[in-house]
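Shown next, in structure tokens, is the structure this report addresses.
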Amino acid sequence: MDTYMAKDLPFPESPVVPEMVDGSKTIQFQCRKGIACWNACCSNIDISLTPYDILRLKRRLGLASAAFLQQYAVPYEMEKDGIAGIKMKPVEGGSACQFMKPEGCGVYEDRPTACRYYPVALLSMRRQDEYTDTHSYALVKEAHCLGHNEPRSLTIDEYRAEQGLKEYDEQGRGWRQLVLKKMSSGPTVGKPSVKSRQLFFMTCYDIDTFRAFVDSGPFKELYDVPEAERQAMLGDSLESEEALMQFGFRFLRQVLFGEESIPLHQEAADKRREQARTKAQQAEREAAERLAREEDPRDEGFDD
Ligand code: SF4
Ligand code: SF4
């Protein structure tokens, strides 16, 4: 029997240790100032951002979400013709993080989830068509990272607490569940329309535009949101923006999966359904007329 070495494989050896572990697993790791590899991990980035990462970073930088996206982010397709994800945009013409400073991370208190987790990888899984997800972890060992040689042991749960991940994981859960449900439900739910993909992008990543959308006349007319709840999420404090983001995840369950996660004003909903029915009938009529024209030889343009 042939023995394949990692070097013979047509893709580079993965730094992910092939073992799924839970939070009680003890790891040996410490990242500290003065270590020889200081900033090596931030010099060559491939970091996905969650909606909560964007919210924290744009607040720290005092930017509107759209301006943050333009300056610090690049969208990517999480799946072909599917919903979009966001990655950090490195420095112009290079691969280093724009926030990297000689003394370390320039946005440390608001650094993204992926930076907090490193060198642990979070693996979320869920059963098809369910929202409940289960968490496992894997360890990422890259040759340049000397933190694994440091004489400090702690469990993954202790490491998560130290890195402030409890709050980040809680705030990001609704989004992760949406993505997992979308990606694992495949053809049963179908390809999202362009409009629902745009709504997903705005709601998850451009919270300032989403706030204006929630505060708009047509939204208020259609969705029955109690006034106190609406007011609580329209402010500009961190708590308000967190509430708005969580409301957005609920809204997307309606947009992507047709769940009635936000009650509708009955009259407006009936009117909408009626408008959609009329539009569908008109499209059907136009298609039938087009077909009839194509089948009519008088319209084929033969010269006698
Ligand atoms: S955000 Fe901070 S920790 Fe994350 S890659 Fe950039 S500099 Fe490094
Ligand atoms: S120990 Fe690892 S995480 Fe810390 S600076 Fe070095 S490469 Fe980055």
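No lab work stands behind these numbers, since they all come straight from the coordinates. If you're wondering where the values come from, they're calculated on a predicted model, not measured in any experiment. So basically every Cβ, Gly included, is an ideal-geometry build from the backbone, and we count neighbours across all protein chains shown.
Structure above, values below:
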| item | result |
| --- | --- |
| Members of LYS25/LYS181; LYS58/LYS166; LYS87/LYS195 lying beyond 25 Å, as alpha-carbon distances in this model show | LYS25/LYS181 |
| MET100, MET245, MET183 arranged by Cβ crowding within 10 Å, fewest neighbours leading | MET183, MET100, MET245 |
| Reach of LYS271 by Cα under 18 Å, taken over lysines that are not fewer than 8 positions away in the same chain | LYS220, LYS279 |
| Computed helical MRE - 222 nm, the chain, DSSP H runs ≥ 4 contributing -39500 (n - 2.57), nearest 500 | -13500 deg cm²/dmol |
| Largest-first principal axis extents, alpha carbons of the chain, Å | 85, 63, 40 |
| Computed label-point distance, nm, for sites ASP157 and GLN254 using a 7 Å Cα→Cβ extension | 3.8 nm |
| Where GluC sites (Glu not before Pro) fall in DSSP loop in segment 169-273, at most 12 other Cβ within 10 Å | GLU259, GLU260 |
| Given 11 as the ceiling on other Cβ atoms within 10 Å, longest exposed-site-free region of the chain for chymotrypsin sites (Phe, Trp or Tyr not before Pro) in DSSP loops | 5-301 |
